[in-house]
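See below for the structure under consideration.
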């Protein structure tokens, strides 16, 4: 019989159900998590997913891949990497305040195609063999330009720091 600490039992319970937050997801240290950055870097806040994925430190159970606007071209690569959990990082209009981020199970997302994507994230998730989540950020500005708005970049930096510090704390 194995003996688990209270924190290990807590993590085990979280990892066996849908995580409520990015922190909960990151506590699943026995799962390989791939963060995929999606977005158009020429449309202001739509580039936030790309910004996040480019700044994640790949180590331990955490890795990242930047696909920009063509995730459909990376289906084979993502499946060959075979992560336990796939997190698509993108701007998503949830009606929340700009800069708000949410971890959303892909099954709870409407099947919509946004003007910067050729196929909806829900539809694309059907091609993956692992559980898929969307780390969605509410954009403030989507016009043409390369600069992410201050409020979205501030939240993106918090996400990057959370992901990178979690791995430093619990590294494999």
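The values are calculated or read from the model by the stated rules, or taken from the named source; none is laboratory data. Everything quoted here is computed from the prediction, not taken from an experiment. Cβ placement follows ideal geometry from the backbone for every residue including glycine, while neighbour counts extend to all protein chains displayed.
Mind checking whether some residue in segment 102-118 is assigned to a helix (DSSP H, G or I), touching a helix residue (DSSP H, G or I) at 6+ places or on another chain (Cβ under 8 Å) and surrounded by 22 or more Cβ atoms within 10 Å (Cβ to Cβ)?
Taking every residue of segment 102-118 in turn, none turns out to be assigned to a helix (DSSP H, G or I), touching a helix residue (DSSP H, G or I) at 6+ places or on another chain (Cβ under 8 Å) and surrounded by 22 or more Cβ atoms within 10 Å (Cβ to Cβ).
Which one of these is modelled with pLDDT of 95 or more, closer than 16 Å to residue 135 by Cα and either assigned to a loop (DSSP other than H, G, I, E, B) or in contact with a helix residue (DSSP H, G or I) (Cβ under 9 Å, 6 or more places away or on another chain) (or both): 50, 36?
Only one candidate passes the filter, namely 36.
Keeping to segment 33-46, report how many residues are touching a residue at least 60 places away in the same chain (Cβ under 8 Å) and within 13 Å of the chain's Cα centre (by Cα).
Count: 3.
Restricting attention to segment 139-172, and to residues there that are crowded, with 19+ Cβ neighbours inside 10 Å and over 17 Å from residue 39 (Cα atoms), which single residue is modelled with the lowest pLDDT?
Ranking the qualifying residues of segment 139-172, first place goes to 167.
Kindly list the number of the only condition in (1) surrounded by 14 or more Cβ atoms within 10 Å (Cβ to Cβ); (2) modelled with pLDDT under 95 that fails for residue 58.
Looking at each condition in turn, residue 58 falls short on (1).
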